[in-house]
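The values are calculated or read from the model by the stated rules, or taken from the named source; none is laboratory data. All of these numbers come straight from a predicted model, not from anything done at the bench. As a convention, Cβ positions derive from the backbone with ideal geometry for all residues, glycine included, and neighbour counts pool all protein chains shown.
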Amino acid sequence: MYSARKEVKEYLDFFAEPNENDKLEEYKRIIKEEFYPEKSRREPKTRFSVCRKAVSDFKKLGASPEYIAELMVFYMENACEFTYDYGDMWEQYYDSVEGNFDRTCRYVVAHGLFKKFEARLEQCVKWSEDCGWGFADNMADMFENAKAMYAITMEGSELYMKLSEKFGRNDDNAK
């Protein structure tokens, strides 16, 4: 079974010797190749299915949320920078980027990583400013929603901590 399926081999190899940095770079190369191929004569393919599969496969390996978020943000950076570099794209392109950007924003907020990736996500919004189809407005809205969700989450955490301190409640006293 080890040699019969590439996915099984990759998972077991990663499980035996987890090196998130190496795997992250491997999956980043897959994504980069879709937008900015190294072979200069080859046209970019911009296959979102290949990029989504790279993110999905990386998640399946059991990588940490920070590394997964890094790959997701990298994917969005490439997609947004590509439309900035090459001009207006087709509507389906924008729909795909918007859906993935929303998932990325939600992921980083859910894992408490918004502050770490905030500047890079904001750069994605800036790259979208000159694009059509309402793309820039949608990207800005998703970014602002993520920022608000993060603020509420952090405010809620701080409030919980203050109430816990005030009333002396902690896990030891909860029994």
Listed residues Tyr67, Tyr84; which is modelled with pLDDT of 95 or more, part of a helix (DSSP H, G or I), over 17 Å from the mean Cα position of the chain (by Cα) and surrounded by 12 or more Cβ atoms within 10 Å (Cβ to Cβ)?
-> Tyr84
Where residues in region 113-149 are of a type in the set (Phe, Trp, Tyr) and in a helix (DSSP H, G or I), which of them is farthest from Ser64 (Cα to Cα)?
-> Phe135
Go through (1) modelled with pLDDT under 95; (2) crowded, with 18+ Cβ neighbours inside 10 Å; (3) of a type outside the set (Ser, Thr, Tyr); (4) closer than 17 Å to Arg47 by Cβ one by one and return the number of the condition Cys131 breaks.
-> (4)
If you take the residues in region 87-112 that are in contact with a helix residue (DSSP H, G or I) (Cβ under 6 Å, 6 or more places away or on another chain) and either among the small types (Gly, Ala, Ser) or assigned to a loop (DSSP other than H, G, I, E, B) (or both), which one is farthest from Arg29 (Cα to Cα)?
-> His111
Selection over region 36-56 where residues are farther than 19 Å from Arg106 by Cα, charged (D, E, K, R) and assigned to a helix (DSSP H, G or I) yields a count of 0
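One line per residue, one yes/no per condition, for (1) within 19 Å of Tyr67 (Cβ to Cβ); (2) among the β-branched types (Val, Ile, Thr):
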residue: Thr83; (1), (2): no, yes
residue: Tyr86; (1), (2): no, no
residue: Met89; (1), (2): no, no
residue: Ser96; (1), (2): no, no
residue: Cys105; (1), (2): yes, no
